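Engineer: First the structure, which I've put down as structure tokens, then a few questions once you've had a look.
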Amino acid sequence: MEERLMRKLGSGSLEFERYFSKKALGMKASEIRELLKLVESSNVISLAGGLPASETFPVEQIKEITKEVLEEHADKALQYGTTKGFTPLRLALARWMEKRYGIPTSKVEIMMVAGSQQALDLAGRVFINRGDIVVVEGPTYLAALQAFKYYDPEFLSIPMDHKGMRIDLLEEKLKKLKAQGKKVKFVYTVSTFQNPMGVTMSVDRRKRLVELADEYDFLIIEDSPYTELRYSGEPVPPVKHFDDTGRVIYLGTFSKILAPGFRLGWIAAQPQFIRKMEIAKQSIDLCANTLAQLIAWKYVEDGYLDEHIPEIVEFYKPRRDAMLKALEDFMPEGVGWTKPDGGMFIWVTLPEGIDTKMMLEKAVAKGVAYVPGEAFFAHRDVKNTMRLNFTYVPEEKIREGVKRLAEVIEAEMKSLGD
Ligand code: PMP
Ligand code: G9A
């Protein structure tokens, strides 16, 4: 038996590649997901994956709510549901959008999805024709690039600074494109505590982006998983708050305010957009996990979410501070980094000439991992940056991890100078 299994798992006699579609052959693995495999199985301090701390998962509340849901609503919680999602949850989220972000929202504008990652794929499906111009931040969330890429857009990457996407540069590009008779299909932005940089788009830029969308006729996909994780500074309204025409498609998720294992997120958008994405979702998974939806409904409706957010913030703030302090204490001259008011990431820029992808192996050998910045750029044309996560490991480990990393960087800088 064993022998047969080994034969099947081994290279065997099939030439597997020739069975794949052209699309499948073009798919590339996510660097983050691959790195997760590596650090799961070793003693490396991982500053790589964007994982929430498991200590923040509200286990007791989840137990309590699950019991209640199963005792009182098992018929719905264990049954198939509509593709758009469980109506009382959609209603609760519509109220949440209004109360929290000042965005008047009706339940017909909300659809539940299997994490905002699924929403990114749905956006690709319903909006992107081959060759359409999709604007992304440079750098941007790499799994958004992965999701959109499947639909063959042409990426236009707009540089970032500490106030988010350079909207002035976007405007220049839009003018040029218009002169060539071309249009942008949508702009994708992680507007608040961006992944990977941690920066937040300023209010002025948010307003201008919406004005430009009206003027140049494009959509905006605002992906906002980190908005509630603010450790300092004043809240900033979502881009969608400034949208009167329905051009902004807002993506929310329970991954960072409840637990990512629920695989539950939502899309808030014009009913016409929701309807098309609903049809696209039908063939993918029929509906989002209903048990998860009913638990999330109680979690929002009964006020647990409001109570839990300040607890998460209190838990992560010292971790953010510990990373900033360690960077300050250990990094050599010539290394720069962002100073985020929230979220999960800090972005580090090394001197030109250092290739962080090449350096990763040395860092892992010294017991620390990060995500090389290259994969966050649509055209993979920037080599000297990296993303560090500060939510997953405790303060002492963050400090030790940054110390190890600083040593690796210092050695790399020396060898570059030699
Ligand atoms: N968008 C961004 C910007 C993210 O950082 C993440 C998760 N790291 C996602 C989407 C996907 O999140 P989920 O599917 O868990 O909601
Ligand atoms: O792929 C995951 O596990 C989600 C994390 C995303 C990230 O690290 O940006």
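Engineer: Those residues that are crowded, with 21+ Cβ neighbours inside 10 Å and either closer than 14 Å to PRO196 by Cβ or within 16 Å of ligand 2 (Cβ to nearest atom) (or both), I need them from the stretch 341-367; list them, please.
Structural biologist: Residues satisfying the conditions are GLY342, GLY343, MET344, PHE345, ILE346, TRP347, VAL348, THR356, LEU360.
Engineer: Restricting to the stretch 28-41, name every residue that is at pLDDT 70 or above and not in a loop (DSSP other than H, G, I, E, B). Outline the logic, then answer.
Structural biologist: Narrowing the stretch 28-41 to residues at pLDDT 70 or above: 28-37.
The answer is GLU31, ILE32, ARG33, GLU34, LEU35, LEU36, LYS37.
Engineer: Within the stretch 334-349, work out how many residues are assigned to a strand (DSSP E or B) and either more than 15 Å from MET160 (Cβ to Cβ) or among the hydrophobic types (A, V, I, L, M, F, W, C) (or both). Full working, then the answer.
Structural biologist: First, pick out the residues of the stretch 334-349 that are assigned to a strand (DSSP E or B): 336-337, 342, 345-349.
Now restrict to residues that are either more than 15 Å from MET160 (Cβ to Cβ) or among the hydrophobic types (A, V, I, L, M, F, W, C) (or both): 337, 342, 345-348.
Here the count works out to 6.
Engineer: Is it the case that the stretch 186-203 has a residue that's more than 20 Å from the chain's Cα centre (by Cα) and either within 16 Å of ligand 2 (Cβ to nearest atom) or part of a helix (DSSP H, G or I) (or both)?
Structural biologist: Checked the stretch 186-203: at least one residue is more than 20 Å from the chain's Cα centre (by Cα) and either within 16 Å of ligand 2 (Cβ to nearest atom) or part of a helix (DSSP H, G or I) (or both).
Engineer: Output yes when any residue across the stretch 359-373 is in contact (Cβ under 8 Å) with a residue 60 or more places away in the chain and on the phi > 0 side of the Ramachandran plot, and no when none is.
Structural biologist: Yes.
Engineer: Another question about this same structure. Before we move on, is VAL69 β-branched (Val, Ile, Thr) and either surrounded by fewer than 18 Cβ atoms within 10 Å (Cβ to Cβ) or in the same structural domain as GLU374 (by TED's automatic domain parsing) (or both)? Please lay out each step first, then the result.
Structural biologist: Values: β-branched (Val, Ile, Thr): yes; either surrounded by fewer than 18 Cβ atoms within 10 Å (Cβ to Cβ) or in the same structural domain as GLU374 (by TED's automatic domain parsing) (or both): no.
It is false that VAL69 is β-branched (Val, Ile, Thr) and either surrounded by fewer than 18 Cβ atoms within 10 Å (Cβ to Cβ) or in the same structural domain as GLU374 (by TED's automatic domain parsing) (or both).
Engineer: Scanning the stretch 227-259 for residues that are among the basic types (Lys, Arg) and not in a loop (DSSP other than H, G, I, E, B), which turns out surrounded by the most Cβ atoms within 10 Å (Cβ to Cβ)? Quick ask: steps written out before the conclusion?
Structural biologist: Looking only at the stretch 227-259, we keep the residues that are among the basic types (Lys, Arg), and these are 230, 240, 247, 256.
Checking which are not in a loop (DSSP other than H, G, I, E, B) leaves us with 230, 240.
Working: ARG230: 21, LYS240: 25.
Per the stated criteria, the residue is LYS240.
Engineer: Restricted to the stretch 47-62, and to residues that are aliphatic (A, V, I, L, M) and part of a helix (DSSP H, G or I), which residue is farthest from ligand 1 (Cβ to nearest atom)? First the steps, then the outcome.
Structural biologist: Taking the stretch 47-62 as the starting set, the residues that turn out to be aliphatic (A, V, I, L, M) are 47-48, 51, 53, 59, 62.
When the remaining residues are screened for being part of a helix (DSSP H, G or I), the result is 59, 62.
Details: VAL59: 18, ILE62: 17 Å.
Ranking the candidates gives VAL59 first.
Engineer: Quick check on the stretch 209-235: of everything there that is more than 22 Å from the chain's Cα centre (by Cα) and under 15 Å from LYS183 (Cα atoms), which residue is nearest to ligand 1 (Cβ to nearest atom)?
Structural biologist: Of all residues in the stretch 209-235, those more than 22 Å from the chain's Cα centre (by Cα) come to 211-217.
Applying the additional criterion that residues be under 15 Å from LYS183 (Cα atoms) yields 212-217.
Numbers: LEU212: 22, ALA213: 20, ASP214: 25, GLU215: 26, TYR216: 24, ASP217: 25 Å.
Out of the qualifying residues, it is ALA213.
Engineer: Further question: Restricting the first residue to the stretch 119-146 and requiring it to be free of Cβ contacts under 8 Å to residues at least 24 places away in the same chain, which pairs with a second residue that is outside any loop (DSSP other than H, G, I, E, B) and not aromatic (Phe, Trp, Tyr) meet a Cβ separation below 7 Å and a spacing of at least six or different chains?
Structural biologist: These pairs meet every condition: GLY131/GLU154.
Engineer: Has the stretch 7-27 got at least one residue that is basic (Lys, Arg) and at pLDDT 95 or above?
Structural biologist: Going residue by residue through the stretch 7-27, those that are basic (Lys, Arg) are 7-8, 18, 22-23.
So of that shortlist, the ones also at pLDDT 95 or above come out as none.
No, that holds for no residue.
Engineer: Which pairs have Cβ atoms under 7 Å, sit 6 or more apart or on different chains, and link a residue in the stretch 263-274 that is farther than 17 Å from VAL239 by Cβ to one that is more than 9 Å from ligand 1 (Cβ to nearest atom) and in a strand (DSSP E or B)?
Structural biologist: Matching pairs, first to second residue: LEU264/MET112; ILE274/MET111; ILE274/ILE267.
Let's see how each residue does on (1) under 24 Å from ASP132 (Cβ atoms); (2) in contact with a helix residue (DSSP H, G or I) (Cβ under 7 Å, 6 or more places away or on another chain):
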position: GLU172; (1), (2): yes, no
position: LYS182; (1), (2): yes, no
position: PHE186; (1), (2): yes, yes
position: SER191; (1), (2): yes, yes
position: GLN194; (1), (2): yes, no
position: GLY198; (1), (2): no, no
position: SER202; (1), (2): no, no
position: ARG205; (1), (2): yes, yes
position: ARG208; (1), (2): yes, yes
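Engineer: Here's a follow-up. Name the residues in the stretch 76-98 that are farther than 13 Å from LEU291 by Cα and among the aromatic types (Phe, Trp, Tyr), would you?
Structural biologist: Passing the criteria: only TRP96.
Engineer: Of all residues in the stretch 242-273, count the ones that are basic (Lys, Arg) and more than 9 Å from ligand 1 (Cβ to nearest atom). Full working, then the answer.
Structural biologist: Restricting attention to the stretch 242-273, the residues satisfying the condition of being basic (Lys, Arg) are 247, 256, 263.
Filter again for more than 9 Å from ligand 1 (Cβ to nearest atom), leaving 247.
Result for the stretch 242-273: 1.
Engineer: Condition first: free of Cβ contacts under 8 Å to residues at least 12 places away in the same chain and surrounded by 15 or more Cβ atoms within 10 Å (Cβ to Cβ). Now tell me which residues in the stretch 297-320 satisfy that. Working first, answer last.
Structural biologist: Within the stretch 297-320, the first condition is being free of Cβ contacts under 8 Å to residues at least 12 places away in the same chain, and the residues that meet it are 303, 306-307, 310, 314.
Within the stretch 297-320, none qualify.
Engineer: With over 22 Å from the mean Cα position of the chain (by Cα) and within 16 Å of ligand 1 (Cβ to nearest atom) as the only criterion, which of LEU89, LEU177, LEU145 stands out? It would help to see each step written out before you state the result.
Structural biologist: Numbers: LEU177 fails: within 16 Å of ligand 1 (Cβ to nearest atom); LEU145 fails: over 22 Å from the mean Cα position of the chain (by Cα).
On inspection, the qualifying residue turns out to be LEU89.
Engineer: Another question about this same structure. Could you tell me how many of the residues in the stretch 170-218 are more than 22 Å from GLN117 (Cβ to Cβ) and among the aliphatic types (A, V, I, L, M)? Show your work before the answer.
Structural biologist: Taking the stretch 170-218 and keeping what is more than 22 Å from GLN117 (Cβ to Cβ), we get 170-184, 202-218.
Now narrow it down to the ones that are among the aliphatic types (A, V, I, L, M): 170, 174, 177, 179, 184, 203, 209-210, 212-213.
So the answer is 10.
Engineer: Name the one entry in ARG125, ARG166, ARG100 that is touching a strand residue (DSSP E or B) at 6+ places or on another chain (Cβ under 8 Å) and either assigned by TED's automatic domain parsing to the domain that holds ILE279 or β-branched (Val, Ile, Thr) (or both). Before you say what the answer is, go through the steps one by one.
Structural biologist: Working: ARG125 fails: touching a strand residue (DSSP E or B) at 6+ places or on another chain (Cβ under 8 Å); ARG100 fails: touching a strand residue (DSSP E or B) at 6+ places or on another chain (Cβ under 8 Å).
Among ARG125, ARG166, ARG100, only ARG166 is touching a strand residue (DSSP E or B) at 6+ places or on another chain (Cβ under 8 Å) and either assigned by TED's automatic domain parsing to the domain that holds ILE279 or β-branched (Val, Ile, Thr) (or both).
Engineer: Starting from the stretch 218-233, keep only residues that are assigned by TED's automatic domain parsing to the domain that holds VAL184 and more than 13 Å from VAL190 (Cβ to Cβ), then list their pairs with residues that are among the aliphatic types (A, V, I, L, M) and in a loop (DSSP other than H, G, I, E, B) whose Cβ atoms are within a distance under 6 Å, requiring at least 6 positions of separation or different chains.
Structural biologist: Qualifying pairs under 6 Å: GLU228/ILE257.
The values are calculated or read from the model by the stated rules, or taken from the named source; none is laboratory data. Predicted, not measured: the structure shown is a model, and the values here were computed from it. So basically every Cβ, Gly included, is an ideal-geometry build from the backbone, and we count neighbours across all protein chains shown.
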